[in-house]
1. Working only within region 341-375, note down all residues that are in contact with a strand residue (DSSP E or B) (Cβ under 8 Å, 6 or more places away or on another chain) and part of a helix (DSSP H, G or I).
2. For region 308-332, enumerate the residues that are farther than 27 Å from residue 73 by Cβ, in a loop (DSSP other than H, G, I, E, B) and in contact with a helix residue (DSSP H, G or I) (Cβ under 8 Å, 6 or more places away or on another chain).
3. Could you grab me the full set of residues in region 122-147 that are more than 21 Å from residue 81 (Cα to Cα) and surrounded by 14 or more Cβ atoms within 10 Å (Cβ to Cβ)?
4. With the requirement that a residue be surrounded by fewer than 18 Cβ atoms within 10 Å (Cβ to Cβ) and either under 21 Å from the mean Cα position of the chain (by Cα) or within 11 Å of the ligand (Cβ to nearest atom) (or both), what does region 91-106 give you?
5. So which residues in region 267-281 are assigned to a loop (DSSP other than H, G, I, E, B) and either within 23 Å of the chain's Cα centre (by Cα) or surrounded by fewer than 18 Cβ atoms within 10 Å (Cβ to Cβ) (or both), if there are any at all?
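We did not get these values from a lab; they are worked out from the coordinates using the rules stated. Predicted model only: the values in this text are computed from it and were never measured. With ideal geometry, Cβ positions are generated from the backbone for all residues, glycine too; neighbour counts draw on all protein chains shown.
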Ligand SMILES: *Cc1c(COP(=O)(O)O)cnc(C)c1O
């Protein structure tokens, strides 16, 4: 019997490195392995690589190369951005209720250290309304952090309006753009972004490298100390192979952004229509998809709740069919608490625990989409029957 092919539909958790990315990394582990701080040719070669990727990354978001700092990952970029509050001379931090744990837990740590923390509620679609920020912000607010697009339900936030309010009150504005960088068009000047976090492994690059954009002249807090690399902000010998891969991933994202988005949207609409039409007792969490309007939703991100079906049971059964989807966020998987994001948009614990997240990527095909829906239909019906759950 032929081995079934893996159907990978958890692209918000991580992505398969593109073969062109892997190829770009190899030279930095075989021949150009020099330390970028060394004064001989393979050292300069590594240094030049880092600076050229800095240019590539800056170009993608309309920034200057000196405003880009390479970090260990998206999580570290979030940590550095939030800790920079310590240099603003202000005491108040605002984050949204639907942030990734990298932001939420850093915010909670700052609160433990004596800073004041406010958490903005999301509306039922998972959007942070500007009015919520207006109500929470004070002249003592040093930093507002609202993610660009949510990893669990795909909702896209009104970043420009939020940053305008932050600036009106003299606060800086950070956005965790890990789900948006390379997927959506972003211009940091147009959108008024002071800090932005991104990560390579969410855009077909390697794990273990991210970046922080920090606008010129905003304070940036080093959270570790060492040999002066990355403008003394993020010391340690640079991960040149990973940075090379990140650079190639960014180039490919820039070239293919439009085509990837169009394909993912098509597949999402197809999957969504089929699931909502062919299976009863299902809801799509997050912004509705009406008339192919993806202005408030990532192109490939869908989260569904199935009445009478535990999300984890459905995901485990799909895994037996070699289909990868997730329950809630991979970062909070492993505990049985319902997702904080689904709770924040008003789902009951039962509804939240009956959800799965499907995130389409550039490598998924229409055949895979249909196979996924067929299997979900079959398995959901089976689980409901086993539980004597009738709709
Ligand atoms: C994946 C993710 C992160 C963490 O990035 P890592 O590079 O895995 O540390 C942060 N924020 C969001 C929204 C994410 O999706």
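1. 342, 351, 352, 368, 371, 372, 375, listed by residue number.
2. Listed by number, the residues that qualify are 308, 309, 310, 321.
3. Residues of region 122-147 more than 21 Å from residue 81 (Cα to Cα): 122-127, 129-132, 134-135.
Answer for region 122-147, where residues must be more than 21 Å from residue 81 (Cα to Cα) and surrounded by 14 or more Cβ atoms within 10 Å (Cβ to Cβ): 122, 123, 125, 126, 127, 129, 130, 132.
4. From region 91-106, those surrounded by fewer than 18 Cβ atoms within 10 Å (Cβ to Cβ) are 91, 97, 101, 105; that's our starting set.
Those that are surrounded by fewer than 18 Cβ atoms within 10 Å (Cβ to Cβ) and either under 21 Å from the mean Cα position of the chain (by Cα) or within 11 Å of the ligand (Cβ to nearest atom) (or both): 97, 101, 105.
5. Within region 267-281, the first condition is being assigned to a loop (DSSP other than H, G, I, E, B), and the residues that meet it are 279-281.
Those that are assigned to a loop (DSSP other than H, G, I, E, B) and either within 23 Å of the chain's Cα centre (by Cα) or surrounded by fewer than 18 Cβ atoms within 10 Å (Cβ to Cβ) (or both): 280, 281.
Here's the yes/no breakdown for (1) outside any loop (DSSP other than H, G, I, E, B); (2) within 16 Å of the ligand (Cβ to nearest atom):
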site: 48; (1), (2): yes, no
site: 59; (1), (2): yes, no
site: 82; (1), (2): yes, yes
site: 108; (1), (2): yes, yes
site: 124; (1), (2): no, no
